[in-house]
1. Six or more apart or on different chains, Cβ under 8 Å: which pairs go from a residue in segment 188-211 that's in contact (Cβ under 8 Å) with a residue 60 or more places away in the chain to one that's charged (D, E, K, R) and part of a loop (DSSP other than H, G, I, E, B)? Could you list them?
2. Could you tell me which of the residues Gly162, Gly215 is free of Cβ contacts under 8 Å to residues at least 40 places away in the same chain, small (Gly, Ala, Ser) and under 26 Å from Glu76 (Cα atoms)?
3. Among Ala146, Ala156, Ala150, which is the only one that is touching a residue at least 12 places away in the same chain (Cβ under 8 Å), farther than 21 Å from Ala107 by Cα and in contact with a strand residue (DSSP E or B) (Cβ under 7 Å, 6 or more places away or on another chain)?
4. Can you name the residue in segment 201-225 that is within 24 Å of Ser58 (Cα to Cα) and of a type in the set (A, V, I, L, M) and, of all such residues, is surrounded by the most Cβ atoms within 10 Å (Cβ to Cβ)?
5. Are there any pairs with C-beta distances below 6 angstrom linking a residue in segment 232-256 that is free of Cβ contacts under 8 Å to residues at least 12 places away in the same chain to a residue that is part of a strand (DSSP E or B) and hydrophobic (A, V, I, L, M, F, W, C), with the two at least 6 apart or on different chains, and if so which?
6. Would you mind stating whether Leu204 is out of contact with any Leu (no Cβ under 9 Å at 6 or more places or on another chain), assigned to a helix (DSSP H, G or I), farther than 24 Å from Ser54 by Cβ and hydrophobic (A, V, I, L, M, F, W, C)?
7. When segment 258-276 is examined, which residues are found to be outside any loop (DSSP other than H, G, I, E, B) and either over 18 Å from Leu208 (Cα atoms) or under 25 Å from the mean Cα position of the chain (by Cα) (or both)?
Amino acid sequence: MKIAIQGEPGSFSHEAALKLIAGAEIVPCALSAEVFSALAKGSVEAAVIPIENSLAGSVLEHFDLLLTHDVKVIEETLLRIRHNLIVLPGATLGEIDRVFSHPVALAQCRRFLAEHPKMEPLPFYDTAGGVKQLVQARDHHAAAIASEAAAHYYGAQTLAAGIEDNPENFTRFFLVRRSAEAVTDPESNKMSLAFALENRPGSLVAALSALSALGTNLTKIESRPVQGKPWEYIFYVDCQIRSIQEGLRAVAALTPHCGMVKELGCYQEACYSARE
């Protein structure tokens, strides 16, 4: 199976994709929009996208892309994010004066960087891309913050492991397929929805009350502005459901209160383990 990811081989998205589909052929894309474009055109069979980090929060662009494309989430997984200082083989800590990584990764390693003030943090488009760059440049004065997998993939060396400030660092990833080819797991116990409310007082309360009346447990709610319509919003929610039928009833319960309701996917909830 060909799976599109945003980022370079060796990235956390690459790791998550192989966790979801062992042996998959990874198709790296520079931008998230390119991931969804590849999926829509049929040049890949699926995509794996990060949707939420336990420390940094939601990846808001991906909510918008899920809404505007004819796709469905069919599975989710949690990946423990372990950041490492990666250098060329033989480079020493004292030589490093620049560190490249994704801005979120740099932010999650503030304590380590503060302890090494000689190292200038430089934002880069991708964690694994930082490793790729320093290997191509053969730069012994540069380092990257990325996964252990990235070090192995590009033939680099881990100089310091587990440098993230908080070990409770997990990212939730979605496996996404075109709607026509998405098969819902009959054991699904979680649903993601998007809805737009009618512009009247109490509409959000009414919509959420309709879900509550079914006994549906809301685990997440996120709002995003509607493009081209100032001060109008799309709400994204995750719900725990006891059956697919309950999910269908949840959509039906929301519909009278909303101008739009879209099911983004039904899937099995990924299990969290602090020991992962």
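The values are calculated or read from the model by the stated rules, or taken from the named source; none is laboratory data. These figures come from a predicted structure and were not determined experimentally. We place every Cβ from the backbone using ideal geometry, glycine too, and count neighbours over all the protein chains shown.
1. Here the result reads Asn189/Arg242; Asn189/Glu269; Lys190/Glu269; Ala196/Glu232, each pair linking segment 188-211 to a residue that is charged (D, E, K, R) and part of a loop (DSSP other than H, G, I, E, B).
2. Answer to the check: Gly215.
3. From the options Ala146, Ala156, Ala150, the qualifying one is Ala156.
4. Of everything passing the filter in segment 201-225, Ala207 is surrounded by the most Cβ atoms within 10 Å (Cβ to Cβ).
5. Thr255/Val261
6. Values: out of contact with any Leu (no Cβ under 9 Å at 6 or more places or on another chain): no; assigned to a helix (DSSP H, G or I): yes; farther than 24 Å from Ser54 by Cβ: yes; hydrophobic (A, V, I, L, M, F, W, C): yes.
Criteria not met by Leu204.
7. Filtering segment 258-276 for residues outside any loop (DSSP other than H, G, I, E, B) gives 258-267.
If the condition is that a residue be outside any loop (DSSP other than H, G, I, E, B) and either over 18 Å from Leu208 (Cα atoms) or under 25 Å from the mean Cα position of the chain (by Cα) (or both), then Met260, Val261, Lys262, Glu263, Leu264, Gly265, Cys266, Tyr267 are the ones that fit.
Residues checked against (1) surrounded by fewer than 16 Cβ atoms within 10 Å (Cβ to Cβ); (2) part of a loop (DSSP other than H, G, I, E, B); (3) among the basic types (Lys, Arg):
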{"site": "Gln227", "(1), (2), (3)": "yes, yes, no"}
{"site": "Arg242", "(1), (2), (3)": "yes, yes, yes"}
{"site": "Leu248", "(1), (2), (3)": "yes, no, no"}
{"site": "Pro256", "(1), (2), (3)": "yes, no, no"}
